[in-house]
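The values are calculated or read from the model by the stated rules, or taken from the named source; none is laboratory data. What you see is a predicted model, and the numbers here were worked out from it, not measured in a lab. Methodologically, a virtual Cβ is constructed for each residue, glycine included, from the backbone with ideal geometry; neighbour enumeration extends over all protein chains shown.
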Ligand code: MN
């Protein structure tokens, strides 16, 4: 009888462990503030997480460290989304130049705090566009506030007038980098919706892709394998069922499941 009970117990425990390991990882998606009246993220991010096998959860802005901490307890991975410009004076000590765009101070502080706490926990983190720039700023890097007025000789159009699923400029990807492993390409056409860009890379990070004019289009944290950023918008392709960049989201979800 005792033996039967212990066999049943072992089977039960195995079933529970199996059920847990089969659960889809939860991926937090940072939100924007919508004039202080809503917390929202574009559905392209939501659909990309679902297509990659994860469960998307949109994270509303909060400035309470306990709430941030509990949000992070509840997710297995994090996507920092695109959006407004980052306040250069507050976050990297530069006076704003005339080409500087819209700033949302509440979102800046939330995003930076969330990124620092997530990286401290070694949570898988994908920064996209603004999220990629913030990842750099959160760890001591700087930005070009406005490419056309600050990068002399940039002859590449980084604010494309084309659909989001359509690549208009090429990037050259470092062989062996996370991005290279994720999409299996060393050169690819990406979409481009930015006028800011990473200038000085943060200590502990490295550049993994650049456009033809030398603008930094991807970074990763050295030695981490789970913290990385892209300047383009892979979700614009993935949500339209174009699979060139699906590997980026699949990698994030796979790491989140570990
Ligand atoms: Mn670009």
Anything in region 163-182 that is part of a helix (DSSP H, G or I) and either over 21 Å from residue 253 (Cβ atoms) or out of contact with any helix residue (DSSP H, G or I) (no Cβ under 8 Å at 6 or more places or on another chain) (or both)? List them, or say none.
180
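Residue-by-condition table, conditions (1) away from the ligand (no atom under 14 Å from the Cβ); (2) over 21 Å from residue 107 (Cα atoms):
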| residue | (1), (2) |
| --- | --- |
| 130 | no, no |
| 159 | no, yes |
| 177 | yes, yes |
| 183 | yes, yes |
| 206 | yes, yes |
| 212 | no, yes |
| 232 | no, no |
| 236 | no, yes |
With respect to residue 246, determine if the residue is assigned to a loop (DSSP other than H, G, I, E, B), in contact (Cβ under 8 Å) with a residue 40 or more places away in the chain and more than 10 Å from the ligand (Cβ to nearest atom).
no
Please determine, by comparing only the residues of region 15-42 that are farther than 15 Å from residue 257 by Cβ and out of contact with any helix residue (DSSP H, G or I) (no Cβ under 9 Å at 6 or more places or on another chain), which one is modelled with the highest pLDDT.
41
Residue list for region 25-55, filter: touching a residue at least 40 places away in the same chain (Cβ under 8 Å) and in a loop (DSSP other than H, G, I, E, B):
25, 31, 33, 41, 42, 52, 53, 54
Give me the residue from region 133-150 that is surrounded by 17 or more Cβ atoms within 10 Å (Cβ to Cβ) and more than 18 Å from the chain's Cα centre (by Cα) and, out of that set, farthest from the ligand (Cβ to nearest atom).
145
Looking only at residues in region 192-204 that are assigned to a loop (DSSP other than H, G, I, E, B) and crowded, with 21+ Cβ neighbours inside 10 Å, which one is farthest from the ligand (Cβ to nearest atom)?
196
Report every pair of residues separated by at least 6 positions or lying on different chains whose Cβ atoms are under 6 Å apart, first residue within region 214-227 and part of a loop (DSSP other than H, G, I, E, B), second away from the ligand (no atom under 16 Å from the Cβ) and at pLDDT 95 or above.
222/204; 222/206; 226/124; 226/255
Taking only region 84-115 into account, find how many residues are outside any helix (DSSP H, G or I) and exposed (fewer than 14 other Cβ atoms within 10 Å of the Cβ).
6
Quick one: is residue 185 at pLDDT 95 or above and either outside any loop (DSSP other than H, G, I, E, B) or within 14 Å of the chain's Cα centre (by Cα) (or both)?
no
With criteria (1) buried (at least 19 other Cβ atoms within 10 Å of the Cβ); (2) more than 12 Å from the ligand (Cβ to nearest atom), residue 167 comes up short on (2)
